[in-house]
Structure formats: structure tokens, C-alpha cells
Amino acid sequence: MSLSLKGYRVISIDIPQVWNHHEWIHAFEKFLDTINVHHVHLYGTSLGGFLAQIFAQHRPRRVKSLVLSNTFLETHKFAAAMPWSPLVSWTPSFLLKRHILTGIHDGPHEPFIADSVDFVVGQVEKLSREDISSRLSLNVNVTSVGPLLLPDSLITIMDTNDYCAVPQELKDQVSERYPGARRAVLKTGGDFPFLSRPDEVNLYLQLHLRRVGVEAKPDLLQGISRDGGSGGSSDEKKGGGNLDKPPEEHGSPGAHDGGGHQPQASGSEVHGLDDQILTNREITSMTLGTLSFLMQAPYIPYLLQFFMGALYITWKRLPNIQNLRKI
């Protein structure tokens, strides 16, 4: 939502029920064709980052840049740790969920990381057996990322420096494969930095897109309806990857991965994103803009009257309440 407010069309996707990497490539490409997005900037974490690289390898003309977070190049280590992988499609749901949850670092966590872990655990509980089986199959089918036609200069590696379910040696392989890639290091964030450190992740995504020549499009805000639906722009971003459709060349403005942009939709001045995070003026501008939008809803004045009346009644009865407490 934060990136959308800055003028980017963002699409966050769930991995569909596919059982091998070739099915993933065809399913994702069909998805892009369906929503009429030709070129994409992909941001992926862990398995999402691996699948983003696989897609970039086999469909190089469609991927304009990559942001890879806590991810890996090959699945051999995961396959070796799961010798019963051939039976995954027959395994009961509760065993599959237990296998996934044992891979999540068990506290203690700082509050934001703890919240992100709780959220993910809740999402895992909601997944069907077929969904879990599909994702585990993609994670243990023995394969590796081949050479990419994408230059290293169009890749950003965003890793956390604390614990992570992906072994450090696998993350090091990614850095070695793309020596010319930019590094974005998060001191903490755990396995799910996009949930526990959204402000930092969004900032790095903005810097990445700015570096590869992508600009925000404030006019996209005019196409966002009150229910959160986006308008008819052809630029996209996705979060299992992230989508965008920039012009044909890599350096041209248009698409967006996690967000990198120059003009901001809030109307505040844009200073060097490389040097500073959002200023108080920008945050205030965004907040007032949101408040202005909410006040257009017809029921808001009645809600305000209700809450003000309740506050007045409570204040008038406060002495009586204090006397009751003494008794």
C-alpha cells in the first residue's frame, strides 16, 4: 500500500499449485499475459527469490531487474534434508505444516519480528494440503539457477544479518554468482523482512528502481478506487516476485519492483532517497491526504458525532465512577 501511494502499481501474488519449475514458468507467463504486463521487475524472498531467478533465466526478455532477499541458487540441500519428498503429495496436511513450521526460528524475537512470525504461522494454518505440497515440491525438486542474461548491475541482493531459514552458505552463493550486484543489508528482520521491516525494505526497493531508471507515476493514484483496486495502467509489480511493465529497454522508466521513484504522489518534494528516509513533512502530507479521503465517506460525520458524544458522557460521569471505586 505504501508503494502504491507513491505512484507504483504493485501486485503481490501467491505461488499457484504447480509441481515443478517448468509449470511455474508457464503459469507465471500466462498470468502476465492475462493482465497484459510484458516486462517485470521481480522482488522475491526465499523460494520466491529462487523462482524469480528461474523465470529470469528462461524468460530473459520479460525480466528487467531483480531484487533477491534471503534466497538461494539451488535446491539440493533442501532435497537432501527431506528424503521423503517423493511422498509429499500423499503426506497428511498436519505433517506438512509441522515440517514448515519447524524451519521458522523459535524466539525470543523483538516485537515486530514476532508479529511477522505470528502472521506467517497463521497463514500456513490456512493453506490447503495441495498448496503446501506444491510449495514443498518446488523447494525440493532438484534443480539450480543457470546463467542469467540480466546484467549484475540490474540486480540487488537484500539480506538480513540475523537468523534465517536459508543457510548462510546458500546466501553466500548468490552473492558470489552476482558479484556486480548492489547489496542492501538489513541488520535485523528475520525470515520475513518485508513484514518485520517494511519501511527499510520499501526504501531499498525505491533505491533499486531509481537506479535502474524506473520512475513513479503519480497519475496511477487517480485510478485507485476506494476498495483498493487499481486503475488501468500497464505497469506492474509483484511480491512473490514483483511486476512492472516499463518500456522495452532496461534503463527506461516505467515499471516497478518494490518501489524506486523520483516524484512522489504525496506532493512533497523529493530529496536524495540515497541520503534520507521520508521526512516528517512527507509523512504529514500523506497522513492528511488519507484523512481528506476518509472524510469524503458519508458515514464519517455520524461516527465522529457518536464518539464525541460518548467521550462527553464518560467525562461527565467520571466523578461518580471514582466515588464507586472508593466504596
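Things worth noting here:
- Residue check, V18 out of contact with any Gly (no Cβ under 6 Å at 6 or more places or on another chain), under 30 Å from Q168 (Cβ atoms) and crowded, with 18+ Cβ neighbours inside 10 Å: yes
- The single residue among D115, D131 that is under 20 Å from the mean Cα position of the chain (by Cα), more than 26 Å from I25 (Cβ to Cβ) and touching a residue at least 12 places away in the same chain (Cβ under 8 Å) turns out to be D115.
- Subset of the stretch 155-197 (residues that are assigned to a helix (DSSP H, G or I), open to solvent by less than 10 Å² (accessible area, probe 1.4 Å) and more than 15 Å from V67 (Cα to Cα)): L170, S196
- Scanning the stretch 21-36 for residues that are among the aromatic types (F, W, Y) and either buried (at least 24 other Cβ atoms within 10 Å of the Cβ) or part of a loop (DSSP other than H, G, I, E, B) (or both) yields one hit, F28.
- Scoring V142 on the criteria (1) more than 22 Å from the chain's Cα centre (by Cα); (2) under 20 Å from F194 (Cβ atoms) leaves a single failure, condition (2).
- If you go through the stretch 62-79 and keep only what is open to solvent by 10 Å² or more (accessible area, probe 1.4 Å) and either under 16 Å from I15 (Cβ atoms) or more than 23 Å from the chain's Cα centre (by Cα) (or both), you end up with H76, K77, F78, A79.
- Of the set (1) at pLDDT below 95; (2) open to solvent by less than 40 Å² (accessible area, probe 1.4 Å); (3) of a type in the set (D, E, K, R); (4) within 22 Å of L42 (Cα to Cα), all apply to R135 but (2).
- Residue count for the stretch 118-128, restricted to those that are open to solvent by 70 Å² or more (accessible area, probe 1.4 Å), free of Cβ contacts under 8 Å to residues at least 12 places away in the same chain and not charged (D, E, K, R): 1
- Screening H39 against (1) open to solvent by less than 10 Å² (accessible area, probe 1.4 Å); (2) in contact with a Lys or Arg (Cβ under 6 Å, 6 or more places away or on another chain) leaves a single unmet condition, (1).
- Residue among G146, G103 that alone is modelled with pLDDT of 90 or more, under 25 Å from E169 (Cα atoms), in a loop (DSSP other than H, G, I, E, B) and of a type in the set (G, A, S): G146
- Residue in the stretch 79-91 that is more than 30 Å from R210 (Cα to Cα) and in contact with an Asp or Glu (Cβ under 9 Å, 6 or more places away or on another chain) present: yes
- Considering residues of the stretch 80-95 that are open to solvent by less than 60 Å² (accessible area, probe 1.4 Å), closer than 16 Å to N141 by Cα and assigned to a helix (DSSP H, G or I) only, the residue modelled with the highest pLDDT: V88
- Checking I100 against (1) open to solvent by 30 Å² or more (accessible area, probe 1.4 Å); (2) of a type in the set (A, V, I, L, M); (3) in contact with a Gly (Cβ under 7 Å, 6 or more places away or on another chain), the condition it does not meet: (3)
The values are calculated or read from the model by the stated rules, or taken from the named source; none is laboratory data. Quantities reported herein were computed from a predicted structural model and do not represent experimental measurements. A quick note on method: Cβ atoms are made from the backbone with ideal geometry, for glycine too, and the neighbour counts reach across all protein chains shown. Accessible surface areas use protein heavy atoms only, side chains included; no ligands, DNA or RNA. Shrake-Rupley method; radii C 1.70, N 1.55, O 1.52, S 1.80 Å.
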